[in-house]
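Participant: Handing you a structure now.
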Amino acid sequence: MINLTVSFALSRNSFGHLCLTDQSGQLHEQVVPVRAFPISSPHESIAIVDRDGHELIWLDQLEQTSPENQVLINAEFAIREFMPVLTEIKSVSSFTTPSTWWVETSRGSTEFTLRGEENIRRINPTTYLIADAHGVQYLIEDIKALDKHSRRLLDRFL
């Protein structure tokens, strides 16, 4: 079990902005939690920065703070981070780029345009990140979890 070594309190003001009260009682408005490694270690290495980007708090592990703070930090991440998980590749328009992909994600069915193979990035041996023409990033958490048809289509671009 990790000790609660970082003492601070998070709250929301009347405008819905996240605010931090530090150990000395000073209030910092419009703070933002930032993950150092959002894909590979989402619950580790988290900074809370002020509106100018200056670090106020550093958490080695999210569990270093109270459950109430964890709820607010995770809620803020959910608002700011949009990264659907790609679960199935239904079809692609062509095996040359740019190509249109029809996929199933954790957020439902969609289609996107892949500009080039360089927009498919390998994070580790089983995790990939695909950026579409509009900058939306789709996460493949485990390539081995994809069905055979999806893996075959993806392999044509790797």
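Participant: Expressed as a rounded percentage, what relative contact order does the range 1-117 have, with Cα pairs under 8 Å and six or more residues apart? Write down the numbers at each step before the final one.
Facilitator: Values: 190 pairs, mean separation 18.2, N = 117.
So the answer I get is 16 percent.
Participant: Here's a follow-up. Using a simple spin-label model with points 7 Å from Cα along the Cα→Cβ vector, what separation in nm is obtained for residue 113 and residue 137?
Facilitator: The two pseudo-label positions are separated by 2.2 nm.
Participant: Let me ask something else. Give me the Kirkwood hydrodynamic radius of the range 86-155 in Å, from all C-alpha pairs, to one decimal place? All intermediate terms of the calculation are to be shown ahead of the outcome.
Facilitator: Working: mean 1/r = 0.0836 Å⁻¹.
After inverting the mean inverse Cα-Cα distance, the result is 12.0 Å.
Participant: Related question: What does the helix-only formula give at 222 nm for the chain: each DSSP H stretch with n ≥ 4 adding -39500 (n - 2.57), the total divided by the residues, and the result rounded to the nearest 500 deg cm²/dmol? If you can, show how the numbers build up before the last one.
Facilitator: Values: 2 runs with 22 residues, N = 158.
Only helices count here, giving -4000 deg cm²/dmol.
Participant: Next question, about the same structure. When a footprinting reagent is the concern and you count Cβ atoms within 10 Å, what order do 112, 95 take, fewest first? Before the final figure, lay out each step's value.
Facilitator: Values: 112 19, 95 9.
Going from least to most buried by this count: 95, 112.
Participant: A further question on this structure: So between residue 156 and residue 100, what do we pick up on full extension, going 0.36 nm a residue minus the alpha carbon distance?
Facilitator: Details: separation 56, 0.36 × 56 = 20.16 nm, distance 1.39 nm.
Stretched out fully, the residue 156 to residue 100 stretch lengthens by 18.8 nm.
Participant: For the pair residue 145 and residue 66, what calculated FRET efficiency results from E = 1/(1 + (r/R0)^6), where r is the Cβ-Cβ distance and R0 = 30 Å, to the nearest 0.05?
Facilitator: Numbers: r = 34 Å, r/R0 = 1.14.
Efficiency for this residue pair is about 0.30.
Participant: Based on the Cβ-Cβ distance of residue 39 and residue 12, what FRET efficiency does E = 1/(1 + (r/R0)^6) give at R0 = 30 Å, to the nearest 0.05? Spell out each step's value before the answer.
Facilitator: Numbers: r = 27 Å, r/R0 = 0.90.
About 0.65, to the nearest 0.05.
Any read-out appearing in this document is the output of simple, stated calculations on the displayed coordinates, not a laboratory observation. Quantities reported herein were computed from a predicted structural model and do not represent experimental measurements. Backbone-built Cβ (ideal geometry, glycine too); neighbour counts: all protein chains shown.
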